[in-house]
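Down below is the structure, laid out as structure tokens.
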Amino acid sequence: MWVVTLFEEENFRIYEFETKEEAVKAMEELQLPAILSFTNLTLVA
């Protein structure tokens with residue numbers, strides 16, 4: 001799973017993607033600071 005962490009003024013948002021290509025495309029469309037990372041962990045609520 002690829003994760004994009006997007007930083008806004010006092011907030012942050014986390015988006016999950018199945019592929020790196022999807023994540024990179026989303027980051028290119030965003031005009032805010034962001035971090036791309038990869039994890040094997042599954043988030044369970």
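The values are calculated or read from the model by the stated rules, or taken from the named source; none is laboratory data. Since the model is a prediction, treat every value here as computed from it, not as a measurement. Counting neighbours? That spans all protein chains shown, and the Cβs are built from the backbone with ideal geometry, glycine included.
So, in the range 9-45, exactly how many residues are at pLDDT below 90 and out of contact with any strand residue (DSSP E or B) (no Cβ under 9 Å at 6 or more places or on another chain)?
Qualifying residue count, the range 9-45: 7.
Are there any pairs, at least 6 apart or on different chains, whose C-beta atoms fall under 8 Å, with the first in the range 21-42 and in contact (Cβ under 8 Å) with a residue 24 or more places away in the chain and the second surrounded by 10 or more Cβ atoms within 10 Å (Cβ to Cβ) and of a type in the set (Gly, Ala, Ser), and if so, which?
LEU36/ALA23
Where residues in the chain are assigned to a strand (DSSP E or B) and of a type in the set (S, T, N, Q), which of them is surrounded by the most Cβ atoms within 10 Å (Cβ to Cβ)? Write out each step before concluding.
At the first step, the residues of the chain found to be assigned to a strand (DSSP E or B) are 2-7, 12-17, 34-38.
So of that shortlist, the ones also of a type in the set (S, T, N, Q) come out as 5, 37.
Working: THR5: 13, SER37: 11.
This residue is THR5.
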